[in-house]
1. Limited to segment 12-45, what total is found for residues that are of a type in the set (Ser, Thr, Tyr), part of a strand (DSSP E or B) and surrounded by 13 or more Cβ atoms within 10 Å (Cβ to Cβ)?
2. State whether one or more residues within segment 167-177 are hydrophobic (A, V, I, L, M, F, W, C), within 16 Å of VAL136 (Cβ to Cβ), within 17 Å of the chain's Cα centre (by Cα) and in a helix (DSSP H, G or I).
3. Please tell me if LEU150 is surrounded by 15 or more Cβ atoms within 10 Å (Cβ to Cβ) and in contact (Cβ under 8 Å) with a residue 24 or more places away in the chain.
4. When segment 46-97 is examined, which residues are found to be open to solvent by 70 Å² or more (accessible area, probe 1.4 Å), without any contact (Cβ under 8 Å) to a residue 40 or more places away in the chain, in a helix (DSSP H, G or I) and within 30 Å of LEU28 (Cα to Cα)?
5. Of the residues that make up segment 94-113, is at least one hydroxyl-bearing (Ser, Thr, Tyr), over 26 Å from TYR205 (Cβ atoms) and touching a strand residue (DSSP E or B) at 6+ places or on another chain (Cβ under 6 Å)?
6. What residue, among those in segment 117-147 that are in a loop (DSSP other than H, G, I, E, B) and open to solvent by 50 Å² or more (accessible area, probe 1.4 Å), is farthest from GLY171 (Cα to Cα)?
7. May I ask you to verify whether GLY143 is at pLDDT 90 or above and either more than 25 Å from ILE189 (Cβ to Cβ) or small (Gly, Ala, Ser) (or both)?
8. Kindly provide the set of residues from segment 106-116 that are assigned to a helix (DSSP H, G or I), open to solvent by 40 Å² or more (accessible area, probe 1.4 Å) and in contact (Cβ under 8 Å) with a residue 12 or more places away in the chain, ordered by number.
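The values are calculated or read from the model by the stated rules, or taken from the named source; none is laboratory data. None of the values given here were measured: they were computed from a predicted structure. Virtual Cβ from ideal backbone geometry, glycine too; neighbours counted across all protein chains shown. These area figures cover heavy atoms from the full protein model, side chains too; ligands, DNA and RNA do not enter into them. Shrake-Rupley method; radii C 1.70, N 1.55, O 1.52, S 1.80 Å.
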Amino acid sequence: MKNFSKELILWIILIVPYVYLAIVWDELPQTVPTHFDLRGKPNDWSDKSALLVLPGAMGLLVYGLMYFAPRLDPKRRIEQMGDKYYTLRLIMITFISALMVYVLIISKEGVMKNPGTLLALLGGFFAVMGNYFQTVRPNYFIGIRTPLTLENETVWKKTHTLSGRVWMVGGLLIVITALLIHESTSQFIAFASLMSLMVIIPVVYSYIIYRREKKMMEMH
């Protein structure tokens, strides 16, 4: 019963975009923008019926991948995370639903008035995810999955401890720059720069830790 209640919460969050879509459906034009350039101007359009598929396709894909990941994990490490893994699923599903609602809002308005809103949403997501990185056990589906982190549990743990801090700080900086910088091209340059650092730093650090651990083992 407890598991059913937890899954029900995720499903309720998943249908939030459809609740919003049902409310605004009659206000939508027959043709709506579905793609925007860096300045937030639409450059591709589709029939509004396409909006019936987008939220469900994205939400169900993420839900399905995260639901079956513990069953596909050969070492059952994800399963051992217990409630912490459910929290990660809750964060992911909530983010996807919020993102889909935002997509529906800009489709209704016909223009992305402030691309920084989307970047701030992404930054907030990265910051929250960073807070939970330290709880992720070695696995093939979630986290900084490089040959070095997967080979050595100590490397995995130390890499994710640092990565959590980097993602939290990087995510917050993305939010701040998205809100303070008002020129769209500059917003995306700042976003891309911070994202690059959030990816590169953990990978380089994992290599440094791996070499250090290997050297210590050779000394013993």
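1. Just the residues of segment 12-45 that are of a type in the set (Ser, Thr, Tyr), to begin with: 18, 20, 31, 34.
Right, trim to part of a strand (DSSP E or B) and you get 31, 34.
Pick out the ones that are also surrounded by 13 or more Cβ atoms within 10 Å (Cβ to Cβ) and you get 34.
Qualifying residue count, segment 12-45: 1.
2. There is at least one residue in segment 167-177 that is hydrophobic (A, V, I, L, M, F, W, C), within 16 Å of VAL136 (Cβ to Cβ), within 17 Å of the chain's Cα centre (by Cα) and in a helix (DSSP H, G or I).
3. Numbers: surrounded by 15 or more Cβ atoms within 10 Å (Cβ to Cβ): yes; in contact (Cβ under 8 Å) with a residue 24 or more places away in the chain: no.
When the stated conditions are applied, LEU150 does not pass them.
4. Within segment 46-97, LEU52, LEU61 meet the criteria.
5. Residues of segment 94-113 hydroxyl-bearing (Ser, Thr, Tyr): 94, 97, 102, 107.
Remaining after also requiring over 26 Å from TYR205 (Cβ atoms): 94, 97, 102, 107.
Imposing the further condition that a residue be touching a strand residue (DSSP E or B) at 6+ places or on another chain (Cβ under 6 Å) reduces the set to 107.
Scanning segment 94-113 turns up at least one residue that is hydroxyl-bearing (Ser, Thr, Tyr), over 26 Å from TYR205 (Cβ atoms) and touching a strand residue (DSSP E or B) at 6+ places or on another chain (Cβ under 6 Å).
6. Let us first name the residues in segment 117-147 that are in a loop (DSSP other than H, G, I, E, B), namely 136-146.
Next, from what is left, pick out any that are open to solvent by 50 Å² or more (accessible area, probe 1.4 Å): 137, 140-141, 145.
Details: ARG137: 22, TYR140: 24, PHE141: 21, ARG145: 20 Å.
Filtering segment 117-147 for residues that are in a loop (DSSP other than H, G, I, E, B) and open to solvent by 50 Å² or more (accessible area, probe 1.4 Å), the one farthest from GLY171 (Cα to Cα) comes out as TYR140.
7. On the way: at pLDDT 90 or above: no; either more than 25 Å from ILE189 (Cβ to Cβ) or small (Gly, Ala, Ser) (or both): yes.
In short, no.
8. Pass one, segment 106-116, residues assigned to a helix (DSSP H, G or I): 106-109, 115-116.
Checking which are open to solvent by 40 Å² or more (accessible area, probe 1.4 Å) leaves us with 108-109.
Across segment 106-116, the qualifying residue is only LYS108.
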